[in-house]
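Inspection log for the structure reproduced underneath, given as structure tokens.
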Amino acid sequence: MIAGGQAWRHLRHDRAAWTCLVFLGLVLLASLSAPLLPLPSPVAIALQEEPEAPVAPWRETFRHGFRPDDRDLSWIDARLDELRQDLFGDLQTAPWLGTDAKGRDLLSRVVWGSRTSILAAIAATFASLVLGVTWGAVAGLAGGRVDNWMMRAVDALQSLPFIFLVIFLIGIVGEYRAELAERFGIDREVVFYLVIGAVSWLTMARLVRGQVLALRKSAFVEAARVAGASGPRILLVHVLPNVMGVVVVCLTLTIPSVMLFEAFLSFLGLGIEPPKVSWGILAADGTEAINPIRIAWWLVAAPAAAMGSVLFALNVVGDGLRDALDPRHPGNR
Amino acid sequence: MALLEVRDLSVRFEGRLATVRAVDGVSFDLEEGETLAVVGESGSGKSTLALAIPRLVPCPPGVVEARTLRLSGQDLSRMSERELRTLRGTAIAMVFQDPSASLCPWLTIGEQIGEVLEVHRGASPREARRAAAAALGEVGIAEPEARLDAFPHELSGGMRQRATIAMALLLSPRLLVADEPTSALDATVQAQVLDLLASLQARRGTAILLITHSLGVVATAADRALVMRSGRIVEEAGVRDLFRAPRHEHTRELLASTPLGIRRGGGR
């Protein structure tokens, strides 16, 4: 098997994938350290007539006037925020990406909004890898009646109209908000991520099951059985590594789709609630700002570019990762 | 007592519309150190027979029945899956037709050979590696240490088949079931692989059940042969007798259908 270190080396030789991986790393870093960066507040409203156009950073880099806002921040974020105030005082970046109609800095909103998208992506990845792969592999390997029932469950879930389910769940959560939050610590956001997890593993389960069904009949699995390997061992050593390629490809398709799903739900007002930001909310704001009199193009372009570049990078990394893991790929020696 | 005793072994596959009798009341004995060839045309049931002995026919849809299926006195037909698992790889091993398909493409040669040891002896990766290198050397692969880290696709067909043989014989099984071990190889390599099997057999006294469609292979490698047709054994004979005086019509047909040379000059 290609070990982790080896795959890592292969990936480093793939210049495109490596560049994109570094880019994703930077995005993740920026997203995690959002309170530390000298960004304006993403929610502070400045009353003004029109959105302010982007200013090139070399024309105007910093402005004074940062004031902490009154959002609830987690403990770590609050510490980072204090540190930021010690470091930068009231200095903040000029609106490099412009501001929206309420005077909120777009760059700051994009950075803060990336947290939602990244969390959604993590929820989906986790559900796909843990639930989807296991479900599909077990169904494929067990075959027969077990397979049939497990796949019917997937069919049933997939045939649910998820938008209605989300509306329903969020309605319930809205109704029993205080109680749920108090007893189980469940709030709207948790439900939101759970729903995203619940939809995202289904395709993975199907693909993995199909692949496992084919592999189960393969000669090398037969050979492993003749050698006396147990079912779990065959699954872990012989079947799953051979499914890796499909898994990686499926993830690179799933993550963009959940990011879009997040954006879509937030766009509909079912996802993240203001004052929190997400790329979906930004896109929604951007489309609202489109009017024939004066086009504030940056309001659409900034979230779109953020999302587009991250999704593109994810795809390139996924592609590179699949090649890096495949011993038959030319150049992996 | 023979090493392998088979009496009235039947395998049928029950479909929704029809039942297929792939193996139909087959009986034979296999002695220690002997090579018994099973010949027959495609669909005669010989590969199913090969899979039925280590009880690897998928059930359902398959149904395996036997009055007796005994390996050195142990009744294989009554064993649980767990007991069978400990037997597979240690007492019975198998070599398949196409080594490029029967080796897992994601594991190195060393990992695959060592796996048998890890499964049955609980060996550490390092011990398994050392044993795998020794086994590769024994099947005539040059620089075995260097080949351990090769992936299957980096070896030639002949080397791959040698590696599967090394894997099968690692724990010195008493019975080796070889299902068309040379059919996917080119002619010169075929001869080498058969020689290798013969020399390993001579050294260890392994019994070989050699499934093949090629009478050429039977002539060079087997002591006795079973001729199968539609799931039944139509003739059982020593190799010499089979080529000199085939008794059954189907054997004569098979002999008549071989390329030149084997029919008259064959035997040992």
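Here, each number is a calculation from the coordinates, and none is a lab measurement. Predicted, not measured: the structure shown is a model, and the values here were computed from it. Counting neighbours? That spans all protein chains shown, and the Cβs are built from the backbone with ideal geometry, glycine included.
Tabulated results
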quantity	calculated
Average beta carbon contacts from partner chains per residue of A:263-273, 10 Å cutoff	0
Cα-based Rg and Dmax for the protein assembly as shown, where Dmax is the largest Cα-Cα distance (Å)	33.1, 107
Residue-averaged beta-carbon neighbours from other chains (10 angstrom radius) around B:104-114	5
Rounded D (µm²/s) - the stretch A:138-214, Kirkwood Rh over Cα pairs, Stokes-Einstein at 10 °C, 1.306 mPa s	112
Proximal lysines relative to A:K217, as straight alpha-carbon distance under 28 Å, when same-chain residues fewer than 8 apart are discounted	B:K46
Footprinting exposure proxy for B:I211, A:I167, B:I53 (fewest neighbouring C-beta atoms within 10 Å first)	A:I167, B:I53, B:I211
Cα-based equivalent ellipsoid of the stretch A:1-122: semi-axis lengths in Å, sorted from largest, via gyration tensor	33, 18, 14
Selection from B:M94, B:L117, B:C59 lying farthest towards where the dipole of the stretch B:1-151 points positive, charges on Cβ	B:C59
Cα pair count fraction exceeding 16 Å, expressed as % - the stretch A:101-176	71
Most positive-pole-ward Cα, A:L24, B:L155, B:S10, against dipole of the protein assembly as shown from beta carbon charges	B:S10
Unit charges on C-beta of K, R, D, E only; dipole of the stretch B:1-87, Debye	420
Positive-end residue, chain A charge dipole about Cα centroid, Cβ charges, pick of A:I196, A:V300, A:L36	A:I196
Rg(Cα)/(2.2 N^0.38 Å) for the stretch B:56-163, N = residue count	1.25
Normalised alpha carbon radius of gyration of the stretch A:268-320 [divisor 2.2 N^0.38 Å]	1.37
Global geometry of the stretch B:101-152, whether rounded, prolate or oblate, following the gyration tensor of its Cα atoms and the 1.5 cut on a/c	oblate
Residue exposure sequence - B:T188, B:T251 - by fewest surrounding Cβ within 10 Å	B:T188, B:T251
Computed magnitude of the charge dipole of chain A (debye, nearest 20; Cβ of K, R +1, Cβ of D, E -1)	1660
Kirkwood-Stokes translational diffusion coefficient of chain A, alpha-carbon pairs, 4 °C, 1.567 mPa s, µm²/s	58
Projected area, mean over directions - the stretch B:113-268, Cα convex hull, nm²	10.4
Sorted largest first, extent of chain B alpha carbons per principal axis (Å)	54, 44, 39
Candidate lysines - alpha carbon under 26 Å from A:K102, same-chain residues fewer than 8 apart omitted	A:K276
Convex hull of the stretch A:185-331 built on C-alpha atoms - directionally averaged projected area, nm²	13.1
Highest average packing first - B:171-182, A:279-290, Cβ atoms within 10 Å	B:171-182, A:279-290
Value of [θ]222 nm, deg cm²/dmol, for the protein assembly as shown, DSSP H segments ≥ 4, -39500 (n - 2.57) each, nearest 500	-17000 deg cm²/dmol
Fewest-first ranking of A:H10, B:H248, using other Cβ atoms within 10 Å as the exposure measure	B:H248, A:H10
